[in-house]
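The values are calculated or read from the model by the stated rules, or taken from the named source; none is laboratory data. Please read all numbers here as calculations on a predicted model, not as lab measurements. Please note: Cβ atoms are built from the backbone with ideal geometry, for glycine as well, and neighbour counts cover all protein chains shown.
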Amino acid sequence: MPLLRRVIGAVLRRIRLGQGRTLREVAAAAGVSLPYLSEVERGTKEASSEVLAAICRALGLAMPDLLDEVRREMLREAAPAAKLVTRLAANRGGGPRCSVGRWMRCASVAQPVRL
């Protein structure tokens, strides 16, 4: 599962670049420093909700629209892992097994699988 801050940053960068705007322009409009906005976009800084709201305003983007896009991106990135766990469970008759053979619940599958 990808880190939320990295997905938020990637979505913000994609939107900014899609608008043909520079980091400098958006940082100035949002009232944040250029290095800070760069770190947010790279996913190395976790921006507060106030900072995210300011960046969204600078991009002309509603916060719910940002969050919707982040949600879609996270689901796209998580889907291959969920499919892999499901395939492993089906192929091994109960799921992958860890070296100690304990049963564990997998978060992406509704039934217990052996990890």
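Any residue in the range 60-76 that's of a type in the set (Asp, Glu): show its pairings with residues that are outside any helix (DSSP H, G or I) and surrounded by 13 or more Cβ atoms within 10 Å (Cβ to Cβ) at Cβ separation under 7 Å, as long as the two are six or more apart or on different chains.
Pairs found: none.
Among the residues that make up the range 30-40, is at least one of them within 16 Å of Arg14 (Cα to Cα) and either in contact with a Gly (Cβ under 9 Å, 6 or more places away or on another chain) or assigned to a loop (DSSP other than H, G, I, E, B) (or both)?
Yes: one or more hits.
Any residue at all in the range 80-93 that is in a loop (DSSP other than H, G, I, E, B) and at pLDDT below 95?
yes
Val7: at pLDDT 95 or above, surrounded by 18 or more Cβ atoms within 10 Å (Cβ to Cβ) and within 14 Å of the chain's Cα centre (by Cα), yes or no?
Values: at pLDDT 95 or above: yes; surrounded by 18 or more Cβ atoms within 10 Å (Cβ to Cβ): yes; within 14 Å of the chain's Cα centre (by Cα): yes.
Against the criterion (at pLDDT 95 or above, surrounded by 18 or more Cβ atoms within 10 Å (Cβ to Cβ) and within 14 Å of the chain's Cα centre (by Cα)), Val7 qualifies.
Filter the range 45-64 down to the residues that are under 15 Å from the mean Cα position of the chain (by Cα) and not in a helix (DSSP H, G or I) and list them by number.
Within the range 45-64, Lys45, Glu46, Ala47 meet the criteria.
Of all residues in the range 46-58, how many are surrounded by 16 or more Cβ atoms within 10 Å (Cβ to Cβ) and in contact (Cβ under 8 Å) with a residue 12 or more places away in the chain?
6
Kindly indicate whether any position in the range 5-13 is touching a Leu at 6+ places or on another chain (Cβ under 6 Å) and free of Cβ contacts under 8 Å to residues at least 60 places away in the same chain.
Checked against the condition, which is being touching a Leu at 6+ places or on another chain (Cβ under 6 Å) and free of Cβ contacts under 8 Å to residues at least 60 places away in the same chain, the range 5-13 yields no hits at all.
Go over the candidates Gly31, Gly20, Gly43 one by one and state the one that is surrounded by 15 or more Cβ atoms within 10 Å (Cβ to Cβ) and at positive phi. Walk me through it before giving the result.
Working: Gly31 fails: surrounded by 15 or more Cβ atoms within 10 Å (Cβ to Cβ); Gly20 fails: surrounded by 15 or more Cβ atoms within 10 Å (Cβ to Cβ).
Testing whether each residue is surrounded by 15 or more Cβ atoms within 10 Å (Cβ to Cβ) and at positive phi leaves just Gly43.
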